[in-house]
């Protein structure tokens, strides 16, 4: 069994099975943009539902927000993005390649030794124009992160929800960065989906909550099926920290292209609220009834990428196995995130009617798929490739004794189960773990 | 009981309870953009989950797509948006007001009789620039609809999913239109969320599927609790039809500002696929194995707005009632869409501990809210305003006999129920109706 994932094989599988397509492919594509096909959408929906469940629904100290992507440009002045969110780039006059200046170690082109141009500044925020004219007064930006809206709406959320510090505001949604070099499939794209939490605390409780969220978020990746051995924590060195951050720990995953950030947990102090207080001239402080104190809360941020989590799940699940007579490609998704949970097959086509009825019944509870094409072995392989944990076969015995076989994707073992026992059987299998499971 | 909804009262309630805030409010707002606060996000999530369940999950002939918002600009050339998606506007030289030329009946200003300027063209698509320079070659647009991505990815979805005509591709997500005059709260905003289905059929089956989807979508609004008497169908007159549409029926709702479109169901022929075949030079036709025929499928489109549905639910649910001693404001949400499903109160604060435990337990199954502030009557009113269908009160009898009272939002009646019977009681209440219920 091998999990040395070849990225090109994974990308080909994603296209073939419909997880991920190049955006606008029939027009030659658009660099840094991707579309999700049928199982990809469901995988994404499952991941985002489990994040929301863990971070919002199961907690009584976190509420949600869903803000507009286009916001008032002053938000990005207050946050520092207008002034600081850009890359300095140089071009090689000889080979025409382009480099980020902070990636260069010499004054000449690292590729061909040619002479480099003066540095030019490239804004990472996408610009657009709101209203009737492309005048500078109407310039707006596509948000480069979801977090700032949480700070800008802090007071509205506070007064409508009557939450008390410590509490959090969570948001998921699209963000956009005009990356010079989008790369590594959906790892770094120009349009992506974030899942962010800003958790507001008293200054003296920062350390405690920082530790809590690092552990909680690390555990979540195991709950959704990522192998512990491929995960690690990496604390930022002092010189790596953004100027506003006091501490930052990345949850990293070992991708086929190396250990990279999957999620960042940061102690942002009260930098952001303070900046919005200054720029908007509004009082965004918090009054604590018990202590009668008024203060600007500090914040612990957890910032995850939905597309990046999806890539991680795909890469972690991807296995090529040498069986006795053949090779099988299998996605070992955790049952709770699998886009198809139960496939239902009639052994032969003439058994289709009762199997269609069974599938319709199961569809009310699970994500199901009906297939009657080709041999059972071939149908199993197709489901292995899309990561379906269980396949049901209805055969000639089924109408007689009311049983079917259920085949397990990973062990490939088959058990015979009464049809009226399928719901309790699957309900247990598809349960979302309340605690992080031991490493598999 | 009154449901003559005053829009300003509804907008004030939405802000006070945290459903909807003006975007970027602390910076003076941004016209045509809105943010959803805590109960607003949950309401939106509930609506979108029920749309997806009805249109995708419970059907075996519809699959999902989730495409990028920024796509190759040639998609909008093929669709006709680059050439045709704009408004002709004139300004009054005297009072400076601006008008859409197709709304004018005279040559002079309808407000002050002043002289009008020459017409100017305003593009409705938001423009941005992808890559390193603001050159015309890098212009891209924020999608003004989700539908075109479905046509552009038709072949990829078809070959990866092996679906057979008739089948549909569904997508929900943000779209953007630079409206000159956004209005009516979230009814017409510049950034909004669509829920669209393109259902591909043989040409001769168009009429049948058109009728099916009109009825199916009409019924859905009743399933999510909208009153039938406020809904109607309106068929477009021939001169109203877009040039590509053969037929279009709007599902309309009677808003406080009049009967307006809530969703459109259109027979688009095979216009869109044909345009993409021409512009991309790719074969997007379908080969039917059974008949051995190759054809470009026709399409029935259902196009709904998520924000508009949310406004409809809010306006439909909003009631002001004169009780004996007071006036109560109540949102009569259907239980399946209510953002808070069960509120849990201790009669007095010293009973908090067991009630917190009860709330934590119920939270695994329902959207719950704990409140121990103020009189029980006041807590009921607060829940009425956010539309909570059931409030549980734990009193001094509860620890003795294991029962609590459950108060119904609409009848305001209270029943005493054993705590271990709450789950079956609520499970029945919160069930999503499989069939459209009779008009309430």
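Read-outs throughout are calculated quantities, based only on the coordinates presented, and are distinct from any laboratory measurement. This is a predicted model, so every value here is computed, not measured. Here the Cβ positions follow ideal geometry from the backbone for every residue, glycine too, while neighbour counts run over all protein chains shown.
Scan chain A for the residue whose Cβ is closest to the axis carrying it onto chain B, then write down that distance in whole angstrom.
Nearest residue, distance rounded to whole Å: A:128, 2.
In whole percent, what relative contact order does chain A give with Cα contacts below 8 Å and a gap of six or more residues? Walk me through the numbers on the way to the answer.
On the way: 772 pairs, mean separation 62.8, N = 440.
Relative contact order, chain A: 14 percent.
Quick one: Debye curve from the alpha-carbon atoms of the range B:62-149 only, equal weights, vacuum; give me log10 I(q)/I(0) at q = 0.12, 0.14 Å⁻¹ to two decimals.
Per q value, in the given order, log10 I(q)/I(0) is -0.54, -0.66.
Over the Cα atoms of the range A:141-239, what Rg and Dmax result, in angstrom?
In order Rg, Dmax, the Cα atoms of the range A:141-239 give 16.4, 44 Å.
Over all pairs of distinct alpha carbons, what does the Kirkwood formula give as the hydrodynamic radius of the range A:1-134, in Å?
On the way: mean 1/r = 0.0499 Å⁻¹.
Kirkwood radius, the range A:1-134: 20.1 Å.
More than 39 angstrom separation, counting every C-alpha pair in chain A; what % is that?
Working: 30843 of 96580 pairs.
When all Cα pairs of chain A are counted, 32 percent exceed 39 Å.
For the range B:383-440 and the range B:244-264, compute the distance between their C-alpha centroids and round to whole Å.
Cα centroid to Cα centroid, the span is 36 Å.
Would you calculate the volume per residue, in Å³, of the smallest convex hull containing every Cα atom of the range A:340-429?
83 Å³
If each residue's Cβ is checked for other Cβ atoms within 10 Å, how do B:394, B:253, B:432 rank with the fewest at the top? Provide the component values of the computation, followed by the final result.
Details: B:394 22, B:253 25, B:432 16.
The fewest-first ordering by Cβ neighbours comes to B:432, B:394, B:253.
Looking at the P(r) of the range B:174-310, how many percent of alpha-carbon pairs lie beyond 22 Å?
Numbers: 4413 of 9316 pairs.
Summing the P(r) of the range B:174-310 above 22 Å gives 47 percent of all pairs.
Normalized C-alpha radius of gyration of the range B:206-260, against 2.2 N^0.38 Å?
1.24
Once Rh is set to the Kirkwood radius over Cα pairs, what Stokes-Einstein translational diffusion coefficient, in µm²/s, holds for the range A:26-83 at a temperature of 25 °C and a viscosity of 0.890 mPa s?
On the way: Rh = 15.3 Å.
Answer, rounded: 161 µm²/s.
What are the distances, in nm and sorted shortest first, from the label point of residue B:233 to the label points of the same position in each other copy, with each label point placed 7 Å from Cα along the Cα-to-Cβ direction?
Nearest to farthest, the other copies are at 6.0 nm.
If r is the Cβ-Cβ distance from residue A:207 to residue A:236 and R0 is 22 Å, what FRET efficiency results, to the nearest 0.05? Walk me through the intermediate numbers first.
Numbers: r = 16 Å, r/R0 = 0.71.
With a Förster radius of 22 Å, E is 0.90.
Report the calculated FRET efficiency for residue A:259 and residue B:9 (r = Cβ-Cβ distance, R0 = 56 Å), to the nearest 0.05. It would help to have the intermediate numbers written out before the result.
Numbers: r = 55 Å, r/R0 = 0.99.
That gives a FRET efficiency of 0.50.
Note the full-extension length gain between residue A:97 and residue A:421 as 0.36 nm times their separation in residues minus their Cα-Cα distance, in nm to one decimal. Mind showing how you got there, number by number?
Numbers: separation 324, 0.36 × 324 = 116.64 nm, distance 6.27 nm.
Difference between extended and current length: 110.4 nm.
Using a label point 7 angstrom from Cα along Cα-to-C-beta, what distances in nm, from shortest up, separate residue B:324 from the other copies?
8.1
Give me the base-10 log of I(q)/I(0) for the protein assembly as shown at each q in 0.07 Å⁻¹, Debye formula, one uniform scatterer per Cα, rounded to two decimals.
Evaluating at q = 0.07 Å⁻¹ gives log10 I(q)/I(0) of -0.59.
Between residue A:397 and residue A:361, how high is the FRET efficiency from 1/(1 + (r/R0)^6) when r is the Cβ-Cβ distance and R₀ = 22 Å? Nearest 0.05.
On the way: r = 19 Å, r/R0 = 0.88.
Computed FRET efficiency for residue A:397 and residue A:361 comes out at 0.70.
What does the range A:222-374 give for Rg and for Dmax, in Å, if only its C-alpha atoms count?
Taking only Cα atoms of the range A:222-374, I get Rg and Dmax of 24.8, 75 Å.
Past the 18 angstrom mark, what percentage of all C-alpha to C-alpha distances in the range A:110-181 do you count? Before the final figure, lay out each step's value.
Details: 1645 of 2556 pairs.
Within the range A:110-181, distances greater than 18 Å cover 64 percent of Cα pairs.
Shortest first and in nm to one decimal, what separations exist between residue B:102 and its copies in the other chains, measuring from label points 7 Å along the Cα-to-beta-carbon line?
For residue B:102, the other copies' label points sit at 4.8 nm, shortest first.
Using the alpha-carbon atoms, what tilt in degrees (0 to 90, nearest 10) does helix A:206-223 show relative to the longest principal axis of chain A?
So the helix axis and the longest Cα principal axis differ by about 30 degrees.
Semi-axes of the equivalent ellipsoid of the range B:284-397: what are they in whole Å, largest first, if each equals the square root of 5 times a C-alpha gyration tensor eigenvalue?
Values: eigenvalues 444, 86, 14 Å².
Semi-axes, largest first: 47, 21, 8 Å.
Can you put B:254, B:203, A:326 in order of Cβ neighbours within 10 angstrom, beginning with the fewest?
Values: B:254 16, B:203 12, A:326 9.
So the residues, fewest neighbours to most, are A:326, B:203, B:254.
Based on a Kirkwood Rh over C-alpha pairs, give the Stokes-Einstein translational diffusion coefficient of the range B:1-58 at 37 °C and viscosity 0.692 mPa s in µm²/s.
Working: Rh = 13.2 Å.
Stokes-Einstein gives a translational diffusion coefficient of 249 µm²/s.
Count the DSSP beta bridges whose two residues both fall in the range B:340-429, then state the antiparallel fraction as a percent rounded to the nearest 5. Please report the intermediate quantities before stating the final value.
Values: 9 of 17 bridges.
If we restrict to bridges inside the range B:340-429, about 55 percent are antiparallel.
Classify the range A:280-335: rounded, prolate or oblate, from the alpha-carbon gyration tensor (a ≥ b ≥ c, eigenvalue square roots; a/c under 1.5 rounded; otherwise prolate if a/b is larger than b/c)? Walk me through the numbers before you get to the answer.
Details: a/c = 8.43, a/b = 4.28, b/c = 1.97.
Note, shape of the range A:280-335 comes out prolate.
Please report how far the C-alpha centroid of the range B:97-171 lies from that of the range B:5-47, rounded to the nearest whole angstrom.
Between the Cα centre of the range B:97-171 and that of the range B:5-47, the gap is 25 Å.
On C-alpha positions alone, give me the angle between the axis of helix A:352-363 and the longest principal axis of chain A, in degrees, nearest 10.
30 degrees
Report relative contact order for the range A:17-60 in percent, whole number only (criteria: Cα-Cα under 8 Å, sequence separation at least 6).
This gives 34 percent for the range A:17-60.
Given N residues in the range A:82-205, what is Rg(Cα) / (2.2 N^0.38 Å)?
Details: Rg = 20.1 Å, N = 124, 2.2 N^0.38 = 13.7 Å.
Rounded to two decimals, the normalised Rg is 1.46.
Could you put A:169, A:70 in order, starting from the residue whose Cβ has the fewest other Cβ atoms within 10 Å?
Working: A:169 27, A:70 24.
With the sparsest Cβ surroundings first, the list reads A:70, A:169.
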